[in-house]
Amino acid sequence: MEKIANYIDGALVAPQSNEYLDNVAPAIGQVYSLIPDSTEQDVEAAVAAAEKAFPLWSGLSVDERSAHLERLATAIEDQADELAMAESVDNGKPLSLAKTVDIPRGSANIRFFSHAITQYASESHSMGDIAVNFTLREPIGIVGCISPWNLPLYLFTWKIAPALAAGNCVVAKPSEVTPMTAYLLSKICEKIGFPKGVLNILHGLGHKVGNAIVSHPKVKAISFTGGTATGAHIASIAAPKFKKLSLELGGKNPALVFADCDFEETLNTVVRASFANQGQICLCSSRIYIERAIYDKFRDAYIDKVKQLKVGDPLEEGTAQGAVVSEAHMNKVLGYIDLAKQEGGKCLVGGERAHLTGRCENGFFIYPTVFEGLKLSDRVNQEEVFGPVVTIQPFDSDEEAVELANGTEYGLAATVYSSNVKRCHGLARQLDFGIVWVNTWLLRDLRTPFGGAKSSGVGREGGFEALKFFTEAKNVCVKY
Ligand code: NAD
């Protein structure tokens, strides 16, 4: 059985404990590889390697750093098929999704920041004939990047790329639930001779090796994507040590469907926004609010479309819904389905585990599920389920739509569907979210600020926002 290795100082190495954890392929429900159960000692080794590499890496010209990242992006593209297959097996997502979204975005993230750093300039503030100020934006040093399991290589590269481009050395940890593509990335780094110690990748448990990265005194900034409770815990460790913190956390995202929307286009987009990646995208719409005038018509058409989503082997063409990521996660999602029933929700479609036959008979599959009749205050409308479970409900006015949309502790992404431009602009201002999409969903421009309001996070990723996070601003005031 394949043993995944840590990547420290340019070499693939076993964890110092020599202990391993099981890595399960969720579509077949079987252990298929082993993950290092890394500890504080591995973090020490990675930090030492990063510290040694920092003067060299941060001292390279921007063009040289950019060229290293370009090579890495190209090498990912060259191995795209292998990476897509690995992502699908490790995560349970349809291979078609890994091929068209996850892996292309992995290389695009690295290429984007290899270019962005060449355009990153700093400010100057003139004080007339007295003095001039200019801002130096210098790399921080060693930074920690911790990512989740839902979009493994996509989110891992989204963090490490700006950190590296800005001249930092990185100690990174992918989710222990989906370690494979980060491991393959470390093999790619080794193959192309990516500078040693600049990127170090440790595998293992969050509360063990993740905690050790966050706590290490030489790790000066933490970029974290994951659950809100984990984010709060990480902040409680990092904040008293005055580390820079970027937190991308959970969501409970509303979609507001108005009667004047483009019906067919909205229908297709809302189905995709509800169930892409089995609903396991932080940006997925999980509360669908529909203007009463079209409620019955939209609901019936929506349910028809959801019924057509084929739950199946992720490796088979035509599969729209693969496995959810783990048995524990499947049980959590099924628990919310039970809760929705107890709370009085009417299940319109799905509502149970899907039992496949053949290769996937032990896999962790759930039918796409839609409830109606739940109140905003019900737990299923307040808590993040992070699976293929959606609630729908009618609304009667723009004011009510805003109230419903804003009525949870989360504020990641809201979506508005309407052809009334004035209304769309007005709502965009009133919605308390980091991202508002109008008549679209998950349309991304990597230059834009990305992140959540309220309990969905602190700080923004993307474009120069990310480069600002991964640099320390120093003002230099020169008197004439
Ligand atoms: P998680 O919080 O359980 O884990 C995320 C990462 O943190 C993993 O690598 C984990 O090992 C690590 N970790 C856990 N405990 C830690 C600790 N004490 N110290 C340091 N690291 C620790 O989240 P998950 O279940 O992997 O991912 C799902 C969550 O991620 C959902 O809430 C989802 O909304 C969120 N998410 C948010 C975004 C965003 O951009 N806002 C994107 C994707 C996922």
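The values are calculated or read from the model by the stated rules, or taken from the named source; none is laboratory data. Remember, predicted model here, so these are calculated numbers, not experimental data. Cβ atoms come from the backbone with ideal geometry, glycine included; neighbour counts cover every protein chain shown. Remember, those area values only see protein heavy atoms, side chains included, never the ligands or the DNA or RNA. Shrake-Rupley method; radii C 1.70, N 1.55, O 1.52, S 1.80 Å.
Checking the structure you have, find out if any residue of segment 175-187 is more than 10 Å from the ligand (Cβ to nearest atom), farther than 24 Å from A27 by Cα and not in a loop (DSSP other than H, G, I, E, B). Within segment 175-187, one or more residues are more than 10 Å from the ligand (Cβ to nearest atom), farther than 24 Å from A27 by Cα and not in a loop (DSSP other than H, G, I, E, B). On the stretch given as segment 242-270, residues that are open to solvent by 20 Å² or more (accessible area, probe 1.4 Å) and in a strand (DSSP E or B) total 2.
Among the listed residues G210, G204, G167, identify the single one that is out of contact with any His (no Cβ under 8 Å at 6 or more places or on another chain), open to solvent by less than 10 Å² (accessible area, probe 1.4 Å), assigned to a helix (DSSP H, G or I) and in the same structural domain as L60 (by TED's automatic domain parsing). Write out each step before concluding.
Numbers: G204 fails: assigned to a helix (DSSP H, G or I); G167 fails: assigned to a helix (DSSP H, G or I).
Of the residues listed, the single one that is out of contact with any His (no Cβ under 8 Å at 6 or more places or on another chain), open to solvent by less than 10 Å² (accessible area, probe 1.4 Å), assigned to a helix (DSSP H, G or I) and in the same structural domain as L60 (by TED's automatic domain parsing) is G210.
When E472, E465 are checked against the criterion of being of a type in the set (D, E, K, R) and part of a strand (DSSP E or B), E472 stands alone in meeting it. When segment 447-459 is filtered for residues that are surrounded by fewer than 20 Cβ atoms within 10 Å (Cβ to Cβ) and at negative phi, the ones remaining, listed by number, are R447, T448, P449, A453, V458.
Between A239, A273, the distinction of being surrounded by 22 or more Cβ atoms within 10 Å (Cβ to Cβ), more than 10 Å from the ligand (Cβ to nearest atom) and not aromatic (F, W, Y) belongs to A273 only.
With respect to the conditions (1) outside any helix (DSSP H, G or I); (2) out of contact with any Ser or Thr (no Cβ under 8 Å at 6 or more places or on another chain); (3) closer than 28 Å to D22 by Cα, P148 falls short on a single one, namely (2).
In segment 313-320, the condition of being touching a Ser or Thr at 6+ places or on another chain (Cβ under 7 Å) and either not in a loop (DSSP other than H, G, I, E, B) or not assigned by TED's automatic domain parsing to the domain that holds V271 (or both) is met by no residue.
Which of the residues belonging to segment 386-407 are assigned to a loop (DSSP other than H, G, I, E, B), surrounded by 24 or more Cβ atoms within 10 Å (Cβ to Cβ) and in contact with a strand residue (DSSP E or B) (Cβ under 8 Å, 6 or more places away or on another chain)? If the condition is that a residue be assigned to a loop (DSSP other than H, G, I, E, B), surrounded by 24 or more Cβ atoms within 10 Å (Cβ to Cβ) and in contact with a strand residue (DSSP E or B) (Cβ under 8 Å, 6 or more places away or on another chain), then G387, P388 are the ones that fit. From the list E123, E176, E138, the one residue that fits, being within 30 Å of G387 (Cα to Cα) and among the charged types (D, E, K, R), is E176.
It is to be established whether one or more residues within segment 290-306 are in a loop (DSSP other than H, G, I, E, B) and surrounded by fewer than 22 Cβ atoms within 10 Å (Cβ to Cβ). Before you say what the answer is, go through the steps one by one.
Filtering segment 290-306 down to residues in a loop (DSSP other than H, G, I, E, B) leaves none.
No, that holds for no residue.
Quick grid of which residues meet (1) farther than 29 Å from V101 by Cβ; (2) within 22 Å of the chain's Cα centre (by Cα):
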residue: S397; (1), (2): yes, no
residue: T408; (1), (2): no, yes
residue: Y417; (1), (2): no, no
residue: N420; (1), (2): yes, no
residue: A428; (1), (2): no, no
residue: D432; (1), (2): no, yes
residue: T440; (1), (2): no, yes
residue: L446; (1), (2): no, yes
residue: F450; (1), (2): no, yes
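Among the residues of segment 188-220, those identified as aliphatic (A, V, I, L, M) and within 14 Å of the ligand (Cβ to nearest atom) are I201, L202, L205, V209, A212, I213, V214, V219.
Of all residues in segment 1-35, those satisfying the criterion of being under 18 Å from G210 (Cα atoms), in a loop (DSSP other than H, G, I, E, B) and either hydroxyl-bearing (S, T, Y) or without any contact (Cβ under 8 Å) to a residue 60 or more places away in the chain (or both) are A14, Q16, S17, N18, E19. Scanning segment 310-329 for residues that are open to solvent by 40 Å² or more (accessible area, probe 1.4 Å) and touching a helix residue (DSSP H, G or I) at 6+ places or on another chain (Cβ under 6 Å) returns a single hit, L315.
Would you call V333 crowded, with 20+ Cβ neighbours inside 10 Å and not in a helix (DSSP H, G or I)? Spelling it out, it is not the case that V333 is crowded, with 20+ Cβ neighbours inside 10 Å and not in a helix (DSSP H, G or I).
Return yes when T230 is within 14 Å of the ligand (Cβ to nearest atom), touching a helix residue (DSSP H, G or I) at 6+ places or on another chain (Cβ under 7 Å), part of a helix (DSSP H, G or I) and open to solvent by 10 Å² or more (accessible area, probe 1.4 Å) and no when it is not. Even if it seems obvious, please write down each step before you answer.
Numbers: within 14 Å of the ligand (Cβ to nearest atom): yes; touching a helix residue (DSSP H, G or I) at 6+ places or on another chain (Cβ under 7 Å): yes; part of a helix (DSSP H, G or I): yes; open to solvent by 10 Å² or more (accessible area, probe 1.4 Å): yes.
Taking the combined requirement at face value, the residue satisfies it.
Within segment 36-48, does at least one residue satisfy the condition of being crowded, with 20+ Cβ neighbours inside 10 Å, among the polar types (S, T, N, Q) and not in a helix (DSSP H, G or I)? Looking for residues that are crowded, with 20+ Cβ neighbours inside 10 Å, among the polar types (S, T, N, Q) and not in a helix (DSSP H, G or I), one finds at least one in segment 36-48, hence yes. When segment 143-157 is limited to residues that are over 17 Å from A86 (Cβ atoms) and open to solvent by less than 10 Å² (accessible area, probe 1.4 Å), the one that is farthest from the ligand (Cβ to nearest atom) turns out to be V143.
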